[in-house]
Amino acid sequence: MGKDRITFSTRRFLVGKAGPFPRLVFREEVMLALDQFSHLHALGEHGGFLIGRKQELKSAQQYEILVERFVPIPQKSDASRLVINQEHYRSVQRALRTGERGEEIVGWAHTHPGFGVFLSTFDKEQHERFF
């Protein structure tokens, strides 16, 4: 019997301009989960936390952020904006501390059905408050 080789598929996306910024690496499963989530929540704004870890590199970039999971935030079905509150944030932080994986919140994502990709003033304020 030959040895089976297990591989993990990742999709890589560079966030921001090329340069001294860390790479942001999404596992393919996370990209699929985000895509499915956005199709299931086509009305209103919905989103959640990106969970992952910092991964050291032996290159000029020094490290990359590996996004391993997406954790949805409970939201009304027709919400006009994604609202992250302290309890959402603390709940995920508690779950991560009790886990064995060494993961942390590395960001967040949300939908803007029919409006394209952008950050509203509210989104920017919320990002500053939590991240």
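The values are calculated or read from the model by the stated rules, or taken from the named source; none is laboratory data. This is a predicted model, so every value here is computed, not measured. Neighbour counts are summed over all protein chains in view; Cβ atoms, including those assigned to glycine, are modelled from backbone coordinates with ideal geometry. These area figures cover heavy atoms from the full protein model, side chains too; ligands, DNA and RNA do not enter into them. Shrake-Rupley method; radii C 1.70, N 1.55, O 1.52, S 1.80 Å.
Each of ALA79 and ALA95 was given a label point 7 Å from its Cα along the Cα-to-Cβ line. The distance between the two points is 1.4 nm.
Rounded to the nearest whole Å², what accessible area per residue is found for the stretch 38-122 with the 1.4 Å probe? Please list the in-between numbers first.
Values: 5410 Å² over 85 residues.
For the stretch 38-122, the solvent-accessible area averages 64 Å² per residue.
Element breakdown for the stretch 44-98 at a 1.4 angstrom probe: carbon and sulfur atoms account for 49% of the accessible area.
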